[in-house]
C-alpha cells in the first residue's frame, strides 16, 4: 500500500492523465526494415522540496481545440529513433536494496537473479537521436517559456509549478512521454553554477553532491580545503567505510532519484522508462539506470563508476544499456579538471572521477576540431549547437553517424590514495561553510 502522502500526490496526477492522440503510424504501416520512431511530449516537471519531498508539476496535453486555434503555436514533439536492446534489472527493488545493505554492512555479495528483458531503447548510434535527447536534457535546466528552452517550434503550457519557485532547491528536471504513454523519459538537471552556465537556488546542494560523488576523498584537494565529510585521515589516506556512509543520506540526490523513479513507475506501470541527463544529472541517470535496468544516456558526465562502487550497487551482468556521450575538450568528463590550480578547484569543486559505466561515445574534438581544453566546453548547449548539429566527419568516413560506443575497460582513478579502515582518532572534523561545501 502506498504511503498516504504519496497517495495524495499521485491521485490528482492519475485523474489528470488522459489518453494520448492516436497520431502515430501503426506498426503494420511501418517498414519492418526501418527503426521505430517515438514521439515525446512534455508531461511533468519534477523537483525536490527543501524537506526532501519529491513533487511534480503536471503539463496538460494539448486538446484538439487548442491545436486548431490559429493563435496557438503548433504542437511540436520530440521524435526519436529507437532500437531493441537487452537490459538486466533486479527481481525487485527490495531485493536490490537488501543486496546493497548486505554489501555495505558485512562486505558480502548477495547473488541476485537478474531478469533479462528486451526493451525499446533510444538508438544511440543515430546522431539525430542524440541531438534530440540532448535538447530534452538541456530543457531539464529551464522553464518551457525560458529563452534557453529548445522547443522545436512549439511552446508548452505549464501549471502547478511545484518546486520551481525562486527559493526552492534540490533534484529537478522534466518528464516527457509518448502520446500513448508507452515510453517515458526522465530528464535530470545537472549542476547549476556560474562556471557551468547560469546559477540558481540549487547551487549549494549541487556542489555538495558533486563533491561527494566525484572526489576521491570528500573533496580533500589540499591543506587549505575543508572537506564535505570527515573521512580524510592524513597524508593520502581515506576511510573507506566513512566515505561510503557519506553517500547514503536521504537528502542526497541518488536516494531521491530512486524515490522519484519508483513514483514514476506507479504513475506509468506499463511504460518503458528512459533516463537522461547532463553533467551530474547524467551521472545520476547512469546510477539510476544501473539500479533499475532502464536505458540511460548521459551527456558530459563526470565518471560515476567509483560512486556506484561506494554506493554498493550490485553489478548486473551488463551495463551496456547505459551510454555516455562526451568530448575530449571537456576536462570534467575527461577527469582532468583537478589539482589546486584547476578551474574546478578554484570554483570549489573536486571533480576527480574519470571512469564511466556502460559504453562511451567519445568525440575527439581536440584532434579533429582543434577545440581547446576548457571548462566552458562542458555545457550541454555546446554539445547541441557545436557538436551534434553537424555530421561528425571521422564517423562519416567509417560509414557511421557517431563514434562507436566502447567500454572503458582500462580506466584507473584516484591511484594516489589509500582507502581502508583507518583509526578514527586521526579523523579530521572539518567545519561547515567551506569552499567545497558552501
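The values are calculated or read from the model by the stated rules, or taken from the named source; none is laboratory data. Note that the structure is predicted; figures quoted are calculated from it, not measured. When we count neighbours, we look across all protein chains shown, and the Cβ atoms used for this are built from the backbone with ideal geometry, even at glycine.
Could you list all residues from the stretch 377-398 that are over 30 Å from residue 317 (Cβ atoms) and outside any helix (DSSP H, G or I)? Correct list: 379, 389, 390, 391, 392.
For the stretch 360-376, filtering for residues that are out of contact with any strand residue (DSSP E or B) (no Cβ under 7 Å at 6 or more places or on another chain) and part of a helix (DSSP H, G or I) leaves 6. Applying a threshold of 8 Å to beta carbon distances and a minimum spacing of six or more residues, or different chains, the list of pairs starting in the stretch 362-379 at a residue that is closer than 17 Å to residue 338 by Cβ and ending at one that is assigned to a strand (DSSP E or B) and at pLDDT 95 or above reads 377/327.
Whenever a residue of the stretch 119-148 is without any contact (Cβ under 8 Å) to a residue 40 or more places away in the chain, its partners that are crowded, with 21+ Cβ neighbours inside 10 Å and not in a helix (DSSP H, G or I), lying with C-beta atoms within less than 8 angstrom and at least six residues away or across chains, give the pairs 145/156. Here the condition is being outside any loop (DSSP other than H, G, I, E, B) and more than 22 Å from residue 359 (Cβ to Cβ); of 103, 121, it holds for 103 alone. If the condition is being under 16 Å from the mean Cα position of the chain (by Cα), in a loop (DSSP other than H, G, I, E, B) and at pLDDT 80 or above, then the stretch 177-229 contributes 189, 190, 191, 214. Residue selection: residue 136 fails the criterion of being modelled with pLDDT under 80, within 24 Å of residue 362 (Cα to Cα) and either more than 16 Å from the chain's Cα centre (by Cα) or crowded, with 17+ Cβ neighbours inside 10 Å (or both). Scan the stretch 380-396 for residues that are surrounded by fewer than 23 Cβ atoms within 10 Å (Cβ to Cβ), under 20 Å from the mean Cα position of the chain (by Cα) and touching a residue at least 40 places away in the same chain (Cβ under 8 Å) and the total you get is 2. Taken over the stretch 230-248, the residue count meeting the criterion of being surrounded by fewer than 16 Cβ atoms within 10 Å (Cβ to Cβ) and part of a loop (DSSP other than H, G, I, E, B) is 4.
Would you say residue 129 is under 26 Å from residue 189 (Cα atoms) and within 18 Å of the chain's Cα centre (by Cα)? Step through it out loud before you land on a result.
Details: under 26 Å from residue 189 (Cα atoms): yes; within 18 Å of the chain's Cα centre (by Cα): yes.
In short, yes.
The set of residues from the stretch 57-108 being closer than 30 Å to residue 130 by Cβ, out of contact with any strand residue (DSSP E or B) (no Cβ under 7 Å at 6 or more places or on another chain) and at pLDDT 55 or above comprises 60, 90, 93, 96.
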